[in-house]
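Asks: Sharing a structure, written as structure tokens. Questions coming.
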Amino acid sequence: MDLPNEKNLTSKEASARIIFADGDNPSSYPEFLNHTFREILELARCLPPSVNGRTSLAHITGDDTMIDISNWDETMEGYDNWGVPVRPDDAFMAMMRKDESQFMYGWGKSKELACEPVEQVHRMMAAYHERTLEEYSHTKEFQDGQSQLYVLLIQLHPSHHTTKEHTKEHTHKNKVWRLVTCHADTNLDSFHDQIIAPAMGWRRHYHGYKFIIPTSGVALGPQNSDAIDMMHSNGYTFDSENYDLRHVLRTPKKRIHYIYDLGDAWRHDVTLIGRVDRGTTIGLDYFDQYKFVQDALRGNGRQEWSLEVNMNKLIAGAINCPPEDSNGCDEMGNYGNILKRGHNYQPNEFGVNWTEHGIFNAFDFDLDDHQERFDEATSQRKNPSDGCMQYMTTFGDNSPADFRRMGGKHRKHSGNGAQSEVLGKKHTSKKCANCLKQQHSNADLKLFTCSRCKTVRYCGKQCQREHWKRSHKNTCNQ
């Protein structure tokens with residue numbers, strides 16, 4: 001999925017302009033937003049990758065002066081923000097504009113003013129991508145994915161920043177990574193909650209998230225999340241409930257960006273190593289381009305390794321993910337700074353995810369423990385800790401975050417400089433008990449229950465026979 005060009009647009013789309021509300025100040029927005037969408041798109045397509053947040057327009061204007069504008073994420077090496085150019089101060093300015101114009105756009109307004117100006121441009125970009133995604137969903141390659149699994153490498157970048165100038169000092173030679181297999185038709189909401197979160201060690205159903213396609217800047221995320229950090233989500237996103245891995249990762253070596261916690265913005269690369277038919281056996285040679293993965297799979301001097309790919313599975317990994325909500329990783333801001341302090345360093349604050357699982361050190365990674373949580377998340381059971389967490393923080397230099405176990409429905413309130421939240425229960429989708437394929441991630445999947453115990457479901461007779469031989473014959477009707 002690449003940025004559209006003028007040939008991809010209808011005449012109406014090409015000539016479209018942003019509609020500013022009466023009372024809004026167009027001069028407070030980037031100047032190019034006052035042009036037609038064709039001209040905005042032309043600027044987006046011709047911008048070279050930025051360097052430390054700045055870009056040269058010499059090939060357009062003849063002036064080689066670097067200007068503060070970019071549509072490129074230098075850390076993750078891909079387009080961001082739907083490919084729409086922004087200024088470095090746009091994140092702050094966007095919040096200011098949102099506060100000033102919150103009653104000018106949105107609910108109760110005309111169709112033209114249903115969203116603020118920057119989101120209008122995002123939706124213009126999205127119209128083309130929505131068409132191409134719908135067309136791709138009818139191709140043979142997409143349909144073949146219903147019976148395939150993906151082999152995926154998830155890697156965390158230890159810095160929050162988007163420019164290399166700021167990330168260089170926070171990099172670390174050790175990689176935080178996980179290797180997983182996952183059904184190709186898993187929708188992105190479930191991929192976040194039941195695959196990435198338990199594999200990495202993030203707390204499930206707690207923070208917001210976003211997927212970004214680096215070749216186009218297309219953004220996908222939740223539409224009705226209770227997470228308090230969704231306040232940091234600006235602009236338009238496709239609903240991650242409506243798209244699955246097949247839409248965004250189509251061929252080996254392709255990757256997507258995944259951002260967890262929109263406040264702290266923990267950035268990940270998800271790379272498709274390969275797509276295989278169920279029952280395929282893979283060996284060490286499958287990871288020839290990833291030596292650190294091969295080394296981990298060999299383990300204690302083992303020269304041979306193989307795996308029959310049948311279901312969602314956490315295979316390998318290294319280093320714990322950062323402690324969540326931990327006062328900026330000991331106020332150092334980036335996880336790389338903690339990793340540089342070595343294997344014996346213990347942070348001052350362990351965060352909610354480290355505390356829950358008894359983690360005290362970044363390098364004290366327990367694969368078995370992560371696999372147990374991964375298997376629980378991808379089973380048919382609900383996460384027992386969902387809906388019980390209140391996060392409260394008061395604003396002040398000496399006001400640390402306070403976590404308390406609570407029940408009840410979601411609520412937010414503020415008073416005396418405080419904010420809190422309680423998240424509601426998140427129900428997992430019904431799945432095949434054998435291969436763990438989800439029902440709601442594939443509209444064509446029909447599950448049937450065991451006729452004897454009526455408690456487990458299967459996607460086909462083959463899975464029912466395999467599960468019976470492996471374990472169900474010992475538990476059916478007990």
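The values are calculated or read from the model by the stated rules, or taken from the named source; none is laboratory data. Model, not experiment: these values are computed from the prediction. All Cβ positions, even for glycine, are placed from backbone atoms using ideal geometry, and neighbour counts span all protein chains on display. The area values use the complete protein model at the heavy-atom level, side chains included, leaving out ligands, DNA and RNA. Shrake-Rupley method; radii C 1.70, N 1.55, O 1.52, S 1.80 Å.
Asks: Out of the range 294-305, which residues are within 21 Å of Cys182 (Cβ to Cβ) and either at pLDDT 95 or above or assigned to a loop (DSSP other than H, G, I, E, B) (or both)? Before you say what the answer is, go through the steps one by one.
Replies: Residues of the range 294-305 within 21 Å of Cys182 (Cβ to Cβ): 294, 296-297, 305.
Matches in the range 294-305: Trp305 only.
Asks: Please go through the range 242-260 and give me each residue that is more than 20 Å from Gln143 (Cβ to Cβ) and open to solvent by 40 Å² or more (accessible area, probe 1.4 Å), ordered by number.
Replies: Answer for the range 242-260, where residues must be more than 20 Å from Gln143 (Cβ to Cβ) and open to solvent by 40 Å² or more (accessible area, probe 1.4 Å): Lys253, Arg255.
Asks: Mind checking which residues of the range 420-458 are under 21 Å from Leu314 (Cα atoms) and modelled with pLDDT of 80 or more?
Replies: So in the range 420-458, the residues under 21 Å from Leu314 (Cα atoms) come out as 428-439, 441.
Those that are under 21 Å from Leu314 (Cα atoms) and modelled with pLDDT of 80 or more: Cys432, Ala433, Asn434, Cys435.
Residue by residue, here is whether (1) in contact with a Pro (Cβ under 8 Å, 6 or more places away or on another chain); (2) of a type outside the set (Phe, Trp, Tyr); (3) under 21 Å from His122 (Cβ atoms); (4) touching a residue at least 24 places away in the same chain (Cβ under 8 Å) holds:
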position: Asp193; (1), (2), (3), (4): no, yes, no, yes
position: Ala199; (1), (2), (3), (4): no, yes, no, yes
position: Arg204; (1), (2), (3), (4): yes, yes, no, yes
position: Gly208; (1), (2), (3), (4): yes, yes, yes, yes
position: Pro214; (1), (2), (3), (4): no, yes, yes, yes
position: Gly221; (1), (2), (3), (4): no, yes, yes, no
position: Asn224; (1), (2), (3), (4): no, yes, yes, no
position: Ala227; (1), (2), (3), (4): no, yes, yes, yes
position: Gly235; (1), (2), (3), (4): no, yes, yes, yes
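Asks: Could you tell me whether the range 210-223 includes any residue that is at pLDDT below 90, surrounded by fewer than 20 Cβ atoms within 10 Å (Cβ to Cβ) and part of a loop (DSSP other than H, G, I, E, B)?
Replies: yes
Asks: Among all residue pairs at least 6 apart or on different chains, which show Cβ distances below 8 Å where the first residue, located in the range 267-278, is aliphatic (A, V, I, L, M) and the second is crowded, with 20+ Cβ neighbours inside 10 Å and assigned to a loop (DSSP other than H, G, I, E, B)?
Replies: Val270/Leu249; Leu272/Leu249
Asks: Just checking, does the range 169-182 include any residue being part of a helix (DSSP H, G or I), more than 22 Å from Ser240 (Cα to Cα) and either at pLDDT below 95 or of a type in the set (Phe, Trp, Tyr) (or both)?
Replies: Looking for residues that are part of a helix (DSSP H, G or I), more than 22 Å from Ser240 (Cα to Cα) and either at pLDDT below 95 or of a type in the set (Phe, Trp, Tyr) (or both), one finds at least one in the range 169-182, hence yes.
Asks: Go through the range 299-320 residue by residue and tally those that are within 20 Å of Asp369 (Cα to Cα), touching a helix residue (DSSP H, G or I) at 6+ places or on another chain (Cβ under 9 Å) and without any contact (Cβ under 8 Å) to a residue 24 or more places away in the chain.
Replies: 0
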